[in-house]
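The values are calculated or read from the model by the stated rules, or taken from the named source; none is laboratory data. The shown structure was predicted, so the numbers you read here are calculated from the model rather than taken from an experiment. Note that we place each Cβ from the backbone using ideal geometry, even for glycine, and neighbour counts take in every protein chain shown.
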Amino acid sequence: MGIYINDKKLDLTGRTFGRLTVIEVDTSITKLKSRQRRWLCNCECGETTTVAGSALKNNQTRSCGCLRKEASAAMGRASRTWSLKHGESKSPEYRSWNAMVNRCLRKGNPAYKFYGALGVLVCSRWLTFEKFLTDMGRRPNLAYSLDRINPRGDYTKENCRWATREQQANNKRNTILVSYKGETYPLRPLARSLGIAPDMVDDRINAGWPVEEALTRPAKVWKLYITYKGEAKSIIEWSKVTGIHNNTIRERLKRGLSPEECLNNWKPS
Ligand SMILES: [Zn+2]
């Protein structure tokens, strides 16, 4: 997909993408077909499958196929039986559930690119509407809607609540939005979907890296840059310029100080 600079060298062994955990490179297929690496993965459901690296990194493939099957079955089941029987299909809880499943699992959904495509999952328990309703209870009133407590997390009992618009806005304020390849994304889910540690991306952006570079540069060659007065230099370079020990600068950065505070002879009181 051209997102990774060193695609061929990137080792996905042990990494988790949705329900898939990468076991090893599937060399038999790589040699026969293309230069694109394929990876042997274990699925949570117990199946084993082989997936192209790019499909994993872009969250195109997040299970052996069981996820989509379960979602379709759940939607069918819900609309056919219980929910219809109880007139439930018109309830606000059902509509919230339906919208959640769709934006996470249906590629055709307009919101999919902000959810499913970024790796946001619905826990398998919640693929059944009744269980979702049992866990969440009824929506308190019109002012409430389904909200993820950690906006970077999945749709699970632990991470969801009925929240007012105000609560949700507070939550979203903590979400950094970035522009990447011409689209706006919440930073941390985007980092996750690109297979790069969100904390590291946060650190890089705080240190003044351009967004694209912060999201794509492999961790191994990570060199922290600090932009100050229009100049981007590594910690070592800044250390030489300012005479402040590089470990001191690093420590200040970790504490979340601004470049200005990191590079001036500032002492905590
Ligand atoms: Zn599976």
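Quick look at the numbers
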{"read-out": "Selection count where residues are farther than 13 Å from residue 98 by Cα and at pLDDT 85 or above, scope the range 116-130", "value": "2"}
{"read-out": "Failed condition for residue 63, given (1) under 22 Å from residue 47 (Cβ atoms); (2) out of contact with any strand residue (DSSP E or B) (no Cβ under 7 Å at 6 or more places or on another chain); (3) assigned to a loop (DSSP other than H, G, I, E, B)", "value": "(2)"}
{"read-out": "Search result, residues across the range 29-59 that are more than 15 Å from the ligand (Cβ to nearest atom), assigned to a helix (DSSP H, G or I) and at pLDDT 70 or above", "value": "53, 54, 57"}
{"read-out": "Residues of the range 121-152 that turn out to be touching a Cys at 6+ places or on another chain (Cβ under 8 Å), assigned to a loop (DSSP other than H, G, I, E, B) and closer than 12 Å to residue 163 by Cβ, as a count", "value": "1"}
{"read-out": "Pairs where the first residue, in the range 190-207, is at positive phi and the second is assigned to a helix (DSSP H, G or I) and crowded, with 18+ Cβ neighbours inside 10 Å, C-beta under 9 Å, 6+ apart", "value": "195/56; 195/57"}
{"read-out": "Subset of the range 153-162 [assigned to a loop (DSSP other than H, G, I, E, B) and either modelled with pLDDT of 90 or more or of a type in the set (Lys, Arg) (or both)]", "value": "156, 157, 158, 159"}
